Amino acid sequence: QAKTLGRNTYSFFTKAMNTQMLRRFKVEEQLHGALEREEFTLHYQPQIEVKTGKIIGAEALLRWHNPALGQVTPDEFIPIAEHSGLIVAIGKYVFNQALSFLKTWQSHTEKPYTMAINLSPRQFRDTELLNLLQDSLNKLNIDAQQIELEITEGLLLGDQTHIQQALQTINDLGFTLAMDDFGTGYSSLNYLRKYPFKTLKIDRSFIQGIALNTSDYNLVKATIAMSHSLDLTVIAEGVETQQQLAILSKLGCNTVQGYYFSKPILAAQLLELSTQQSAE
Ligand code: C2E
Ligand code: MG
Ligand code: MG
Ligand code: MG
């Protein structure tokens with residue numbers, strides 16, 4: 001009996017693994033050439049200042065539609081792009097698109113909006129990247145301070161000397177450094193002390209619970225207090241309800257982002273939304 005069960009379990013896992021590997025293979029196969037076939041689009045999710053209720057910036061979020069696979073989520077394709085190195089070229093596309101839209105957005109509205117861009121570990125190791133960024137900013141006449149580079153704790157696990165240097169360079173060039181998904185990784189506090197972060201983004205998983213359980217509420221409260229004592233700006237991710245917003249506002253959270261205000265939207269929609277808001 002045990003033997004049969006064992007064998008079935010084994011074949012169950014093998015099947016699941018094969019399916020997973022096959023999917024991964026297909027995704028990677030389609031990912032090659034996706035840039036050339038122009039299958040990517042950038043969406044932008046507005047970031048709202050709690051104090052004023054106004055849009056102060058946006059986060060650029062990549063979307064991929066492939067004819068064979070349909071819509072593939074970034075949580076699925078970014079790790080594959082990362083592993084295969086394709087992320088370097090894809091990341092350049094993201095920078096170019098996001099910066100040129102930021103320029104349009106700022107000049108349309110005459111407001112100093114910020115643009116947040118996600119950086120994955122492989123991109124971060126690409127020494128060319130910062131030069132590229134710097135060049136585009138010069139060309140577009142955008143202030144580096146208006147670009148927020150979001151990194152996750154995973155990126156900080158590695159050669160500490162190199163990481164320290166790279167983060168220092170980012171900071172010296174004037175970019176704003178944000179810690180994304182705060183609370184989901186390890187040793188976060190040490191990183192906050194050690195590296196030049198200016199912004200901390202509290203992960204959605206904590207925001208979800210703030211109106212429902214005291215432990216999430218207390219954790220968020222403590223995180224906001226700690227961030228402020230370290231002079232960090234706090235962004236709450238994944239705000240979906242009025243109640244969550246009210247709590248965050250009471251706790252002194254600076255900025256919010258989430259479906260309660262808007263899903264990630266196309267550039268033209270964001271332009272329209274912010275023009276509407278300035279007219280109010
Ligand atoms: P992230 O940087 O933490 O982005 C936040 C994610 O939460 C986005 O998912 C966003 O659509 C989603 N979100 C925002 N508000 C809400 C809400 O109120 N409720 C819910 N349920 N979700 C919300 P998305 O766009 O699927 O991106 C997933 C992850 O993929 C991102 O997490 C980021 O790590 C990565 N990613 C996306 N675009 C890029 C990119 O251009 N470059 C790199 N390197 N990574 C990217
Ligand atoms: Mg992010
Ligand atoms: Mg996040
Ligand atoms: Mg994330």
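No value in this document is a laboratory result; all are computed from the given coordinates. All of these numbers come straight from a predicted model, not from anything done at the bench. Positions of Cβ are generated from backbone atoms using ideal geometry, with glycine treated the same way; all protein chains shown enter the neighbour counts.
Just a few scattered comments:
- Only alpha carbons enter this Debye calculation for the stretch 216-265, each as an equal point scatterer, and the log10 of I(q)/I(0) it gives at q = 0.15, 0.17, 0.25, 0.29 Å⁻¹ is -0.38, -0.48, -0.92, -1.13.
- Bridgeable lysines around Lys194 (alpha carbons under 30 Å apart, same-chain partners fewer than 8 residues away excluded): Lys51, Lys92, Lys221, Lys250.
- Kyte-Doolittle mean at least 0.0, axial Cα span of 24 Å or more - DSSP H helices of the chain: 87-109
- Size descriptors for the stretch 150-224, from the alpha-carbon set: Rg then Dmax equal 13.7, 42 Å.
- In a reduced charge model with +1 at each Lys and Arg Cβ and -1 at each Asp and Glu Cβ, the stretch 35-179 shows a dipole moment near 360 debye about its Cα centre.
- Applying the criteria of a DSSP loop state and at most 11 other Cβ atoms within 10 Å to the chymotrypsin sites (Phe, Trp or Tyr not before Pro) of the stretch 229-265 yields no site.
- Of the residues Ser188, Gln276, Tyr260, the one whose Cα sits farthest toward the positive end of the charge dipole of the stretch 186-280, with +1 on the Cβ of Lys and Arg and -1 on the Cβ of Asp and Glu, is Ser188.
- Whole-number D in µm²/s for the stretch 169-280 (Stokes-Einstein; Kirkwood sum over Cα pairs; 37 °C, 0.692 mPa s): 216 µm²/s
- Cα-centre dipole for the stretch 174-223 with unit charges at Cβ (Lys and Arg positive, Asp and Glu negative), debye to 20: 220 debye
- FRET efficiency for the pair Arg37 and Thr275, taken as 1/(1 + (r/R0)^6) with r the Cβ-Cβ distance and R0 = 30 Å, rounds to 0.40.
- One chain, two ends: His162 and Tyr217. Fully extended at 0.36 nm per residue, the span grows by 16.2 nm beyond their Cα-Cα distance.
- Value of D in µm² per second that Stokes-Einstein yields for the chain, Kirkwood Rh from Cα pairs, at 4 °C (1.567 mPa s): 63 µm²/s
- The simple spin-label model puts a point 7 Å past each Cα toward its Cβ; for Leu173 and Tyr260 those points are separated by 3.5 nm.
- Taken along the Cα-to-beta-carbon direction at a fixed 7 Å, the label points for Arg125 and Gln71 span 3.3 nm.
- Gyration tensor (Cα) of the stretch 1-155, equivalent ellipsoid semi-axes in angstrom: 38, 18, 15
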